[in-house]
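Step one of this worksheet: look at the structure below.
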Amino acid sequence: MPNTSALPANNKHQPHGSLKKAPALRWGFFSLCLLLFPLAGAAGQPRSAAIATAHPDASRAGMKILEAGGNAFDAAVTVSAALAVVEPYSSGLGGGGFWLLHRADTQGEVMIDGREKAPLAATRDMYLDDTGKPIAGASVNGPLAAGIPGEVAALVHIADNYGRLPLKQTLAPAIRLAEKGFEVDEHYRRMAAFRLDALRASPAAARQFLKDNDVPPVGYIVRQPDLAKTLRFIADQGRQGFYGGEVARRMVSSVRAADGIWTEKDLQAYQIVERPPIVGKYRGWRVVSAAPPSSGGIVLLEMLNMLALQDIGKMNTVDRIHYVVEVMRRAYRDRAQWLGDGDFVQLPVQRLLSREYARRMAVGIDRERATPSRQLKSFRAEGQDTTHFSILDKEGNYVAATLSINYPFGSGFVAEGTGVLLNDEMDDFSIKPGVANVYGLVGAEANAIEPGKRMLSSMSPTFLESDQGVAILGTPGGSRIITMVLIGLLEAVDGKSALEWVKQPRFHHQYLPDEIQLEPGGFSEELRLELEKRGHKVVVKERPWGNMQAVFWNRKENRVEVASDPRGGGLAIKATNK
Ligand code: GLY
């Protein structure tokens, strides 16, 4: 059920759920989706609530809010804010994200689009020099690389419209964590070392995240009193506590003093959008995923539509991997060519998701040979960041949310006096057709920079629903997010456990560069050689990637599984109903 048209944001004075009180348009949309892709079985209630996030402190904080009477949406606010504090290299108040919500009472779902927007003074060629060449680092480091953040607006919106607890309560754990601090671990050290130059360039970032201007040792406590103050403003004043008043003034003056282009008008004008998710079907499962400006749902469904044309379960491993890679290549080609912010450009969503299109694409797949990406017509022109969490509450509400500040530690720039680390999401725009971003992704006209436009994303919070149950999953990982979700989702459809989805070895193809990227130890030597014989270039990466967080509510057996990717340091927890 592709649909990218923006529905108006809810009236925030409607308590507890715009979906329930939504106008006929939204009800019509959901009814149609449910008619076409019915959810088998009545909603029921899960035996356990479950939370999987990338950080133990965030998982525990979310579970406490559920125990205090909050619902999954309150827990999502708490977890997002806690992650903003303890995983500063992944997401934060200075970033954005997509929150996919499912309400048990209406059986409706919505995507809260809190993606960053280009500042109003942004221009198409702002990262190019006089000769039209990209200026090294300009879209990645410092405040010029930062889009206008959406996370705070999204959290306030979720709290006002879907939660039942006040922000003062749901933000309290994050405030505590910011004041008391958290311990540096090896992962923090790796991320900080990777972004050391950018952090050193910002005095406030260096004070907040480094020790004596260097990477802090394991066990060092990172305290963020300015961030705690900003969180308190938000807890007291809602969005005005961030997009107006002292915090906004400080952010803008700090950004402009360091050659950024934000204005207070940019902050005041920022609005989240409630969007219908992208919905499709794969082997009897209803797939619900992120709508544009994420490419996630479209690319995922496009891949699944092509996969559904073959019985990949019956293929031998080489044939199966070869076919899946060819499908990835084609869907990522379309990502590069066609996708961007649907509020600014016409997206051919219906066409890309049609069965007919999948058939046409699949016909071109040679079952024995890799198709060189350059032969795919009509294109003109390592995921260490971001975070994901999955939540199920005991009423059967669920949330999948993927949040980001883009590169590790975002732009590396902290606005003085606010503790807010700014994103460098502007790099997700196509800064010049055909020029790759930090993830090696290329883009075209649809994703060119325009004032107020949202940059294309790969973040793919996803639900998978059938009479078997509900899978709630997602992961960080830049351009590889969508293929990771695909691999996890195929495991789920095969009836594997949630732990298997998150553990599965990962491979990835994104059209350009024309190579299969592989986790170390991902394929056997024999499989690699077979793929190379078919014309694939296989590149084994130095490190594994992703940090998938997943929940499975097995409705048939009324049991809940929860799993956190063993590649990361997250925590999956369950609380059984009394
Ligand atoms: N910044 C990564 C993404 O949105 O895809």
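Observations
- Along the axis of the charge dipole computed for the chain (Cβ charges of +1 for Lys and Arg, -1 for Asp and Glu, origin at the Cα centre), the listed residues A146, V538, V156 are led at the positive end by V156.
- Ordering of 139-148, 92-101 by packing [mean C-beta count within 10 Å, highest first]: 92-101, 139-148
- Subset of K281/K556; K496/K537; K64/K541; K314/K432; K229/K265 violating a 31 Å alpha-carbon distance limit: K64/K541; K314/K432
- Segment 101-152: trypsin sites (Lys or Arg not before Pro) in DSSP coil with no more than 13 other Cβ atoms inside 10 Å: none
- Mean residue ellipticity (222 nm) of the chain, computed from DSSP H runs ≥ 4 via -39,500 (n - 2.57), nearest 500: -10000 deg cm²/dmol
- Loop-located GluC sites (Glu not before Pro) in segment 156-205, at most 15 other Cβ atoms within 10 Å (DSSP): none
- Additional length obtainable on full extension of the chain from N213 to T317, 0.36 nm per residue less Cα span: 32.5 nm
- Packing rank of 213-220, 462-469, 409-416, where each peptide gets the mean count of other beta carbons within 10 Å, highest leading: 409-416, 462-469, 213-220
- Residues I158, I135 in ascending order of nearby Cβ atoms (within 10 Å, fewest first): I135, I158.
- Cα-centred dipole magnitude for the chain, charges only on beta-carbon of K, R (+1) and D, E (-1), debye, nearest 20: 980
- FRET efficiency, 1/(1 + (r/R0)^6) with R0 30 Å, evaluated for R559 and S524 via beta carbons: 0.35
- Ranking P166, M251, F182 by Cα position along the charge dipole of segment 160-280, where only Lys, Arg, Asp and Glu carry charges on their C-beta atoms, puts P166 farthest toward the positive end.
- FRET efficiency for E368 and V345, using Cβ-Cβ distance with R0 set to 41 Å, rounded to 0.05: 0.65
- Nitroxide proxy distance, nm - points 7 Å out along Cα→Cβ at T131 and K168: 6.1
- Each part gets one Cα centre, and for segment 533-578 versus segment 250-288 those centres are 26 Å apart.
No lab work stands behind these numbers, since they all come straight from the coordinates. These numbers come from a predicted model, not from an experiment. Positions of Cβ are generated from backbone atoms using ideal geometry, with glycine treated the same way; all protein chains shown enter the neighbour counts.
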